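**Q** Below you will find the structure I want to go over with you.
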Amino acid sequence: MVNAKRADVLDFPQSFFKRFFDVNKEFDGTKRAAGITREMREEEVEELLVRVGKSDPELAIKLRQAMFSFEELKHADIVGLQKFLPQIAGATLRIALRRASPELKARIYSAMSKRAAALLADEVSLMPPMPVSQIEACEEEICDLARSWIAEGKLHIPGRGEPFV
């Protein structure tokens with residue numbers, strides 16, 4: 001019986017590493033690097049991107065895109081989001097919300113008037129099926145604008161860069 005318990009203990013590291021570091025899974029270094037940059041201050045990130053861009057401009061673009069996802073808007077400050085949303089074309093927002101999480105949809109609707117939110121929710125629910133690439137293009141368009149707003153200090157996402165008090 002003691003030997004059976006020892007075998008379970010010895011199997012733990014192997015099963016742990018197989019589950020979390022499966023060699024058959026594809027490792028996305030760009031996403032991992034983007035995750036690390038979320039802990040950095042904005043000026044440090046910009047310096048890093050400039051340096052990467054000098055040696056590999058395409059990688060710098062991919063890294064910048066991976067640093068901010070459409071879903072992160074669910075953490076945006078409500079006042080900034082209220083000012084940000086009117087800058088997005090209605091069709092672009094409708095399409096991007098097509099596969100957004102319920103949390104993101106709720107956050108966006110809460111930044112709008114009740115009437116506008118109800119209308120947008122209805123329009124999103126009535127949209128016909130569309131290619132994922134079209135949805136991703138609209139998400140990326142919104143992310144590009146959000147990145148510029150974040151850099152200008154017009155939109156704040158907690159947990160990104162310097163903490164706010």
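**Q** With 97, 49 as the choices, which residue is free of Cβ contacts under 8 Å to residues at least 40 places away in the same chain, within 30 Å of residue 118 (Cα to Cα) and not β-branched (Val, Ile, Thr)?
**A** One residue alone meets the criteria, 97.
Okay, residues lined up against (1) touching a helix residue (DSSP H, G or I) at 6+ places or on another chain (Cβ under 7 Å); (2) surrounded by 14 or more Cβ atoms within 10 Å (Cβ to Cβ):
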{"site": "103", "(1), (2)": "yes, no"}
{"site": "112", "(1), (2)": "yes, yes"}
{"site": "117", "(1), (2)": "yes, yes"}
{"site": "122", "(1), (2)": "no, no"}
{"site": "129", "(1), (2)": "no, no"}
{"site": "135", "(1), (2)": "yes, yes"}
{"site": "142", "(1), (2)": "yes, yes"}
{"site": "145", "(1), (2)": "yes, yes"}
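**Q** May I ask you to say which residue of 96, 91 is modelled with pLDDT of 95 or more, surrounded by fewer than 13 Cβ atoms within 10 Å (Cβ to Cβ), in the same structural domain as residue 121 (by TED's automatic domain parsing) and closer than 23 Å to residue 136 by Cα? Don't jump to the end; show me each part of the working.
**A** Details: 96 fails: surrounded by fewer than 13 Cβ atoms within 10 Å (Cβ to Cβ).
Only one candidate qualifies: 91.
**Q** Considering only segment 58-80, state which residues are in a helix (DSSP H, G or I), within 18 Å of residue 153 (Cα to Cα) and touching a Leu at 6+ places or on another chain (Cβ under 7 Å).
**A** Matches in segment 58-80: 64, 73, 74, 80.
**Q** Which condition number in (1) under 14 Å from residue 84 (Cβ atoms); (2) in contact with a Ser or Thr (Cβ under 7 Å, 6 or more places away or on another chain) is the one that residue 138 fails?
**A** Here residue 138 clears every test but (1).
**Q** A follow-up question, please. What helices (runs of 4 or more DSSP H) lie completely within segment 94-153 and have 3 or more residues being within 18 Å of residue 72 (Cα to Cα) and among the β-branched types (Val, Ile, Thr)? Before you say what the answer is, go through the steps one by one.
**A** Values: elements: 102-110, 114-126, 132-152.
Per the criteria, 132-152.
**Q** Does any residue in segment 145-165 that is on the phi > 0 side of the Ramachandran plot come within less than 8 Å, Cβ to Cβ, of a residue that is modelled with pLDDT of 85 or more six or more places away or on a different chain, and which pairs are these?
**A** Qualifying pairs under 8 Å: 159/75.
**Q** Out of (1) at pLDDT 95 or above; (2) touching a His at 6+ places or on another chain (Cβ under 6 Å), the odd one out for residue 83 is which?
**A** (2)
**Q** Could I ask something else about it? Based on what the data block shows, is residue 28 of a type in the set (Asp, Glu), exposed (fewer than 13 other Cβ atoms within 10 Å of the Cβ) and modelled with pLDDT of 85 or more?
**A** Considered against the rule, which asks whether it is of a type in the set (Asp, Glu), exposed (fewer than 13 other Cβ atoms within 10 Å of the Cβ) and modelled with pLDDT of 85 or more, residue 28 comes out as no.
The values are calculated or read from the model by the stated rules, or taken from the named source; none is laboratory data. Predicted model, so just to flag it, every value in this text is computed and none were measured. Ideal geometry is used to build each Cβ from the backbone, glycine not excepted, and the neighbour counts take in all protein chains shown.
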